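Colleague: Sharing a structure below in structure tokens format, with a few things to ask.
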Amino acid sequence: MNDIQMGQTHIVLLQGDITVQHVDAIVNAANSSLLGGGGVDGAIHRAGGSAILEECQQIRNRQGGCPTGEAVITTAGRLPAKHVIHTVGPVWNGGSNHEQQLLAQCYSHSLQLADEHQLTSIAFPNISTGIYHFPKKEAATIALNTVKEYIEQHPATSLKQIMFVCYDADNLSLYQQQLQAMN
Ligand code: ADP
């Protein structure tokens with residue numbers, strides 16, 4: 001199962017590269033420095049060019065980076081998306097450091113920011129499941145449950161499409177199972 005309708009919003013799963021998605025915003029699994037890094041963060045900055053980093057630096061000058069669980073928005077530079085929402089996922093440390101709540105906040109704060117900018121489509125990567133080692137199954141459950149709760153609590157959301165762009169087959173399969181269980 002690769003899609004589901006939740007209220008006015010279509011939820012879509014796919015496997016691929018988030019940097020090529022034509023959406024109002026792609027979400028970056030950034031680090032709190034906002035200065036770029038490996039994984040999806042590196043891919044977004046490479047493909048989008050220096051305009052993204054320049055705006056990240058301005059945000060750093062204003063507010064000194066981005067705390068875990070929070071989100072900021074910038075241009076998408078040369079990417080087909082219009083904006084990049086940078087959110088900072090938690091590093092998995094066994095689950096006793098509020099990792100679950102912080103990961104949920106990454107999704108809800110990104111959705112809130114998208115709504116504040118009246119965006120209609122957003123694409124998420126599998127935040128924290130790479131270098132930050134969050135267990136993939138639990139991360140998929142948190143991602144989909146948080147989106148569902150957000151839509152239930154914000155029936156007038158501007159978002160008509162929410163995509164989960166899974167990079168690896170493992171994550172796609174876990175998201176498919178979770179979506180099936182929610183249906
Ligand atoms: P984190 O530090 O939050 O764990 P990573 O970038 O290491 O961030 O990994 C987050 C997820 O992004 C992982 O599932 C990884 O496979 C995935 N990923 C890496 N490159 C891309 C890409 N170009 N498009 C979509 N997802 C990607």
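Where a number appears in this text, it was derived from the coordinates with a stated rule and is not lab data. Keep in mind the model is a prediction, meaning the values are calculated, not measured. A quick note on method: Cβ atoms are made from the backbone with ideal geometry, for glycine too, and the neighbour counts reach across all protein chains shown.
Colleague: If you go through the stretch 74-90 one residue at a time, how many are within 15 Å of the chain's Cα centre (by Cα) and either surrounded by fewer than 20 Cβ atoms within 10 Å (Cβ to Cβ) or touching a residue at least 60 places away in the same chain (Cβ under 8 Å) (or both)?
Modeller: Going through the stretch 74-90 one residue at a time, the tally reaches 5.
Colleague: Still on this structure, I have one more. Can you name the residue in the stretch 126-140 that is in a loop (DSSP other than H, G, I, E, B) and not hydrophobic (A, V, I, L, M, F, W, C) and is also farthest from the ligand (Cβ to nearest atom) among such residues?
Modeller: Among them, the one singled out is Pro135.
Colleague: Those residues that are in a helix (DSSP H, G or I) and farther than 27 Å from Val20 by Cβ, I need them from the stretch 142-181; list them, please. First the steps, then the outcome.
Modeller: Initial filter on the stretch 142-181 (in a helix (DSSP H, G or I)): 142-153, 169-181.
Result: Asn145, Glu149, Glu152, Gln153, Ala181.
Colleague: For the stretch 161-172, indicate whether the set of residues that are away from the ligand (no atom under 13 Å from the Cβ), surrounded by fewer than 18 Cβ atoms within 10 Å (Cβ to Cβ) and of a type in the set (S, T, N, Q) is non-empty. I'd like the intermediate steps shown before the answer.
Modeller: So the first thing to find is which residues in the stretch 161-172 are away from the ligand (no atom under 13 Å from the Cβ), and the list is 161-162.
Remaining after also requiring surrounded by fewer than 18 Cβ atoms within 10 Å (Cβ to Cβ): 161.
Okay, now just the ones that are also of a type in the set (S, T, N, Q), so 161.
Within the stretch 161-172, one or more residues are away from the ligand (no atom under 13 Å from the Cβ), surrounded by fewer than 18 Cβ atoms within 10 Å (Cβ to Cβ) and of a type in the set (S, T, N, Q).
Colleague: Among the residues of the stretch 108-125, which ones are among the polar types (S, T, N, Q) and within 15 Å of the ligand (Cβ to nearest atom)?
Modeller: Residue satisfying the conditions is Ser110 alone.
Colleague: Within the stretch 146-155, is there a residue that is closer than 16 Å to Tyr107 by Cα, more than 17 Å from the chain's Cα centre (by Cα), in contact (Cβ under 8 Å) with a residue 12 or more places away in the chain and away from the ligand (no atom under 16 Å from the Cβ)?
Modeller: yes
Colleague: Among the residues of the stretch 97-137, count how many are surrounded by 17 or more Cβ atoms within 10 Å (Cβ to Cβ) and either within 15 Å of Val27 (Cα to Cα) or without any contact (Cβ under 8 Å) to a residue 40 or more places away in the chain (or both).
Modeller: 25
Colleague: Related question: Exactly one of (1) farther than 22 Å from Leu14 by Cα; (2) touching an Asp or Glu at 6+ places or on another chain (Cβ under 9 Å); (3) in contact (Cβ under 8 Å) with a residue 24 or more places away in the chain; (4) within 16 Å of the ligand (Cβ to nearest atom) is unmet by Asn93. Its number?
Modeller: Asn93 satisfies every listed condition except (3).
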